[in-house]
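**Student:** One structure, pasted below without further comment.
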Amino acid sequence: MHIKFQVSGGFGGLFAALPLTLAIDDAELPQPDRDKLLTLLGEAKILEQGGASEAARDTYQYRLEIEDGAANRVHTFDDVSAPATVRPLLQFLQQLALQRRASN
């Protein structure tokens, strides 16, 4: 499974100039991170959900693209529209993206 994740916007456009991005293949993650990612994906039921919603102002906007075999799904959320079941997944991916940005 290949995942592309992006965070943009935020109050005052925190990620406007340089959105926070992450592109990962779950097979390349350390086993604990891979297990957590797959658990969060299952709990979020993200692979079963539909796509975009209207973005609210001054919120973070999240774009999540998941390629799993022949299926390719794109989801967009913001801090207001993200379902409670999806929020832990978004937080985990944001944490991974911040760790990768800090290490580069």
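**Student:** How many residues are surrounded by 12 or more Cβ atoms within 10 Å (Cβ to Cβ), at pLDDT 70 or above and hydrophobic (A, V, I, L, M, F, W, C) if we restrict to the range 37-79?
**Tutor:** So the answer is 10.
**Student:** Can you tell me how many residues within the range 19-36 are in a helix (DSSP H, G or I) and surrounded by 12 or more Cβ atoms within 10 Å (Cβ to Cβ)? Explain how you work it out, then say what you get.
**Tutor:** Kept after step one, since they are in a helix (DSSP H, G or I), are these residues of the range 19-36: 26-28, 31-36.
Those left that are additionally surrounded by 12 or more Cβ atoms within 10 Å (Cβ to Cβ): 26, 33-36.
Counting residues in the range 19-36 that are in a helix (DSSP H, G or I) and surrounded by 12 or more Cβ atoms within 10 Å (Cβ to Cβ) gives 5.
**Student:** Being loosely packed, with under 14 Cβ neighbours inside 10 Å, modelled with pLDDT under 85 and polar (S, T, N, Q) is the requirement here; does N104 meet it?
**Tutor:** In short, yes.
The values are calculated or read from the model by the stated rules, or taken from the named source; none is laboratory data. Small disclaimer: the values here were computed from a predicted structure and weren't measured. As a convention, Cβ positions derive from the backbone with ideal geometry for all residues, glycine included, and neighbour counts pool all protein chains shown.
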